[in-house]
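Trainee: Right, I'll just put the structure down here and ask away after.
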Amino acid sequence: GESVGLHLPTLSVQEGDNSIINCAYSNSASDYFIWYKQESGKGPQFIIDIRSNMDKRQGQRVTVLLNKTVKHLSLQIAATQPGDSAVYFCAENRGSSNTGKLIFGQGTTLQVKP
Amino acid sequence: KAGVTQTPRYLIKTRGQQVTLSCSPISGHRSVSWYQQTPGQGLQFLFEYFSETQRNKGNFPGRFSGRQFSNSRSEMNVSTLELGDSALYLCASSLYSGTNEKLFFGSGTQLSVL
C-alpha cells in the first residue's frame, strides 16, 4: 500500500538546539520529496525539496538528507526557534510522468521549549 | 504575488446536504490539486486538475467531484454529506502537472458536518 511514515509523532527540543525530524518512505520508485511545515489554522507551507539524484540539500537553517538505500529522509533545523513550532510533514510525489500526487506522512509535532 | 486563496474559510452543513468549495491558484499556476486533512487519516489526495482536465484521482467515493475553469480556478463538490466528511479541505497549486512540481497550499476550508 501507499505509505510515508514518520518515526516520532512529537519532538520536543530546547530553543537554540538543532532538531532532526525523520521520515521513512516505502516506494523505491519515488523520485521527488518535499518537507512541509503546518502551523495551527494554516495550510502546509513549503520548506525544502529534494530530488532522488541528490543526497543532501541545504536551505536557510534547514537541511534535507535523503538515503535511498534505506528509503529514509530527514529534515534538520539548525538553531531551533520558537517560531519553528509546528507540525512537519514529509511527502513524496508518486504521480506518473505528467501528473502530480503527493503522499504525506502522518506528521511530527515539533515543540520548542524556551 | 498572492498565494492560493480558498473560500469559504469555514462551513457548517448537515448530513445529506451538498457543498461547493472554491480555490483560486497562484497567478500563472495551471495545476490545482485538492487534499482532505483529518486528525485520523492525515492528508489524503483527492484529485488534480490541469488545463480543465482531471489528471489524477485519489481513493474517494464518487460523491467527491471537482472541476477546473479556463482561468485555472477550481471548485470541488461533495454531495450527500456524511459526518465523516468533516475535515479541512486544502487546495494546492503548481505551475504545471508533474512529478517534480512544487505544490503551494492555501489555508483550507474547514468543513463541519452535523
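Trainee: With 5 Å bins from zero, work out the P(r) of the stretch B:1-67 over every alpha carbon pair and list the percent per bin.
Mentor: Histogramming the stretch B:1-67 at 5 Å steps yields 3, 13, 21, 27, 22, 10, 3, 0 percent.
Trainee: What is chain A's relative contact order, in percent, from Cα pairs under 8 angstrom and six or more apart in sequence?
Mentor: 37 percent
Trainee: Wrap a convex hull around the Cα atoms of chain B, take a quarter of its surface area, and give that in square nanometres.
Mentor: Directional mean of the projected Cα hull area for chain B stands at 6.6 nm².
Trainee: Assuming a viscosity of 1.567 mPa s and a temperature of 4 °C, what translational diffusion coefficient in µm² per second does Stokes-Einstein assign to chain A, Rh being the Kirkwood radius over Cα pairs?
Mentor: 91 µm²/s
Trainee: From other protein chains only, count the Cβ atoms within 10 Å of every residue's Cβ in B:100-111, then give the mean.
Mentor: 5
Trainee: Take the cross-link list B:13/B:102; A:42/A:71; A:71/A:101 and give me the ones stretching past 22 Å between alpha-carbons.
Mentor: B:13/B:102; A:42/A:71
Trainee: Select from A:91, B:105, A:64 the residue farthest towards the positive end of the dipole of the protein assembly as shown; place +1 on Cβ of Lys and Arg, -1 on Cβ of Asp and Glu, and compute about the Cα centre.
Mentor: Of A:91, B:105, A:64, it is B:105.
Trainee: Let me ask something else. Can you give the direction-averaged projected area of the convex hull of the alpha-carbon atoms in the protein assembly as shown, in nm²?
Mentor: Here the figure is 12.4 nm², rounded to one decimal.
Trainee: How would B:83, A:75 line up from fewest to most surrounding beta-carbon atoms within 10 angstrom?
Mentor: Going from sparsest to densest Cβ surroundings: B:83, A:75.
Trainee: On to the next question. How high is the relative contact order of chain B? Use alpha-carbon pairs under 8 Å, at least six apart in sequence, and give a whole percent.
Mentor: That works out to 36 percent.
Trainee: Could I ask something else about it? Considering Cα pairs under 8 angstrom that are at least six residues apart, work out the relative contact order of the stretch B:54-98 and quote it in whole percent.
Mentor: It rounds to 25 percent for the stretch B:54-98.
Any read-out appearing in this document is the output of simple, stated calculations on the displayed coordinates, not a laboratory observation. Being a predicted model, the structure only gives us computed values, none of them experimental. Backbone-built Cβ (ideal geometry, glycine too); neighbour counts: all protein chains shown.
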